[in-house]
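What follows is a short report on a single structure.
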Amino acid sequence: MRRSVAGSRTRYRVLNTLYHVHMMFLHKCSYFVLFIGVVLTGCGQTQLRASEPDAVQTTEPFVMVLGVAQDAGYPQAACRRDCCAAAWADPGLKRLVSSMAIVDPQSGKRWLIDATPDFREQLHALDAVTHQSGHATSRSISKSDLTGVFLTHAHIGHYTGLTQLGREVIGDPKTPVFAMPRMADFLTNNGPWNLLVEAGHIEIMPIADGQTIRLNDDLTITPMLVPHRDEFSETVGYRIEGPDRSVLFIPDIDKWSAWDTLGGSIEAEIARVDVAYLDGTFFASGEIPGRDMSEIPHPFIEESLDRFAALRVNDRAKIRFIHFNHTNPVVRDDPEAMQKIQAMGMRTARQFEMFALTTDQGTRDAR
Ligand SMILES: [Zn+2]
Ligand SMILES: [Zn+2]
Ligand SMILES: [Zn+2]
């Protein structure tokens, strides 16, 4: 759908095919889709191929899913099995590591949640969407134009992209990196991360569990501690709240019951947002042959489907699984696995999908 806002100060373009990802994945029933020039086919979640580049404009804040894979990405290094074979053969099936951007077109500000090993491609994809016409030629080619980076935790898929902010690559001064206390200590006291701090390329911004950070007049973000393998840092998820709508992003967590034990409640968090991007690392137990999956106790999607069956339909419809391991059949859109999720009124996150943080007529109609 085309969205145009009179009096916009900043033009934001969606240039689908500038980026080296040949396939865009959209959902016919998405609340909000900025892309135009694509062909929607069928119902439910459908792989779609982008057509010619086109541009749309919006002044409304939105979030954008920059990747949907587990820390290792998809296909995974050294995987020579069937799960990754097609993706090795067809780069269009590649999936970037889970990450989210928050974009405020009015101010030109944009934030990342997590700096992944795919930071390079993800920043480029974000540039393609938020390219500010008339400004590009006057800008330094080496500026990240990131207003800040919020980190979830110190596992490789979530912070190692910070290296790209260093002098070997971008070398901007003082990109704000928002981190919980242990995460901040880890970055400050261990190489190579401390070089980023000491050389002033990143500036650690302390955050605390449950304490809301105001991004601007009508955008906030709130970290929440979740249970996870916390070798080097705590782990947080984030709630992003815009003028009308809010989003939950929890890419990594141990079993939902482990959070219950700590006094958390995934159901309560789902209830207070409009969309919930939740850990869907593995589809089912036994997915990794020869490995004790109790060592990696993510909520299996099958377990989440069972647990969330008790939710009301409109709460279930908020759920979009993300952070897929290469062994998870949904990372390659396996029809049987996708059908199980859709039958429960839930869905999977699509790489580069966007969700508006405001409502308008078009998006209301879609809900
Ligand atoms: Zn992860
Ligand atoms: Zn594989
Ligand atoms: Zn993790």
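The values are calculated or read from the model by the stated rules, or taken from the named source; none is laboratory data. The structure presented is a predicted model; accordingly, all values stated were derived computationally and were not measured. A quick note on method: Cβ atoms are made from the backbone with ideal geometry, for glycine too, and the neighbour counts reach across all protein chains shown.
Let's see how each residue does on (1) within 30 Å of Asp360 (Cβ to Cβ); (2) among the small types (Gly, Ala, Ser); (3) touching a Lys or Arg at 6+ places or on another chain (Cβ under 9 Å):
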| site | (1), (2), (3) |
| --- | --- |
| His155 | no, no, yes |
| Leu162 | no, no, no |
| Gly191 | no, yes, no |
| Thr212 | yes, no, yes |
| Glu234 | no, no, yes |
Requested in this report: Give just the number: which of (1) farther than 29 Å from Phe62 by Cβ; (2) at pLDDT 95 or above; (3) among the β-branched types (Val, Ile, Thr) does Ile202 not satisfy?
Outcome: (1)
Query raised in the report: Between a first residue in the stretch 313-341 that is within 15 Å of Asp252 (Cα to Cα) and within 13 Å of ligand 2 (Cβ to nearest atom) and a second residue that is part of a helix (DSSP H, G or I) and acidic (Asp, Glu), which pairs have beta carbons less than 7 Å apart while being 6 or more apart in sequence or on different chains?
Result: none
Requested in this report: Scan the stretch 303-352 for residues that are in contact with a helix residue (DSSP H, G or I) (Cβ under 7 Å, 6 or more places away or on another chain) and at positive phi and jot them down.
Outcome: Gly345, Phe352
Query - Condition met for Asp254 (modelled with pLDDT of 95 or more and either within 16 Å of ligand 3 (Cβ to nearest atom) or of a type outside the set (A, V, I, L, M, F, W, C) (or both)) - result: yes
Requested in this report: Filter the stretch 162-183 for residues that are crowded, with 22+ Cβ neighbours inside 10 Å and either within 16 Å of ligand 2 (Cβ to nearest atom) or under 22 Å from Leu225 (Cα atoms) (or both) and give the result.
Outcome: Leu162, Val177, Phe178, Ala179, Met180, Met183
Report summary line: The correct count of residues that are buried (at least 22 other Cβ atoms within 10 Å of the Cβ) and either touching a Cys at 6+ places or on another chain (Cβ under 9 Å) or of a type in the set (Asp, Glu) (or both) in the stretch 275-304 is 1
Report summary line: For the stretch 194-236 the number of residues that are crowded, with 16+ Cβ neighbours inside 10 Å, more than 28 Å from Val169 (Cα to Cα) and over 20 Å from the mean Cα position of the chain (by Cα) is 1
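Here's the yes/no breakdown for (1) within 10 Å of the chain's Cα centre (by Cα); (2) among the hydrophobic types (A, V, I, L, M, F, W, C); (3) within 16 Å of ligand 2 (Cβ to nearest atom):
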position: Cys83; (1), (2), (3): no, yes, yes
position: Val97; (1), (2), (3): yes, yes, yes
position: Met100; (1), (2), (3): yes, yes, no
position: Asp104; (1), (2), (3): no, no, no
position: Lys109; (1), (2), (3): no, no, no
position: Leu112; (1), (2), (3): yes, yes, no
position: Ala115; (1), (2), (3): no, yes, no
position: Asp118; (1), (2), (3): no, no, no
position: Glu121; (1), (2), (3): no, no, no
Query raised in the report: So which pairs qualify, if the first residue must be in the stretch 260-271 and closer than 16 Å to Ala309 by Cα, the second must be among the aliphatic types (A, V, I, L, M) and modelled with pLDDT under 95, the Cβ gap must be under 9 Å, and the two must be at least 6 apart or on different chains?
Result: none
Report summary line: The condition of being in contact with a strand residue (DSSP E or B) (Cβ under 8 Å, 6 or more places away or on another chain), away from ligand 3 (no atom under 16 Å from the Cβ), closer than 29 Å to Glu295 by Cα and at pLDDT 95 or above holds, among Gly210, Gly237, Gly242, Gly191, only for Gly210
Requested in this report: Quick one: which residue in Ala276, Ala284 is aliphatic (A, V, I, L, M) and either within 16 Å of ligand 2 (Cβ to nearest atom) or in contact with a His (Cβ under 8 Å, 6 or more places away or on another chain) (or both)?
Outcome: Ala284
Report summary line: Only one of Arg272, Arg229 is of a type in the set (Lys, Arg), within 26 Å of Trp111 (Cα to Cα) and within 15 Å of ligand 3 (Cβ to nearest atom), namely Arg229
Query raised in the report: Do you know which residues across the stretch 98-114 are outside any loop (DSSP other than H, G, I, E, B), out of contact with any Asp or Glu (no Cβ under 8 Å at 6 or more places or on another chain) and away from ligand 1 (no atom under 16 Å from the Cβ)?
Result: Ala101, Ile102, Val103, Asp104, Lys109, Trp111
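Each row is one residue, and each column tells you yes or no for (1) within 16 Å of ligand 3 (Cβ to nearest atom); (2) free of Cβ contacts under 8 Å to residues at least 60 places away in the same chain; (3) surrounded by fewer than 20 Cβ atoms within 10 Å (Cβ to Cβ).
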site: Pro61; (1), (2), (3): no, no, no
site: Met64; (1), (2), (3): no, no, no
site: Ala69; (1), (2), (3): yes, no, no
site: Ala86; (1), (2), (3): no, no, yes
site: Ser98; (1), (2), (3): yes, no, no
Report summary line: If we ask which residues in the stretch 294-337 are in a loop (DSSP other than H, G, I, E, B) and more than 22 Å from Gln76 (Cα to Cα), their number turns out to be 6
Requested in this report: Looking at (1) touching a His at 6+ places or on another chain (Cβ under 9 Å); (2) closer than 25 Å to Ile266 by Cα; (3) of a type outside the set (D, E, K, R), find the lone condition where Ile170 falls short.
Outcome: (2)
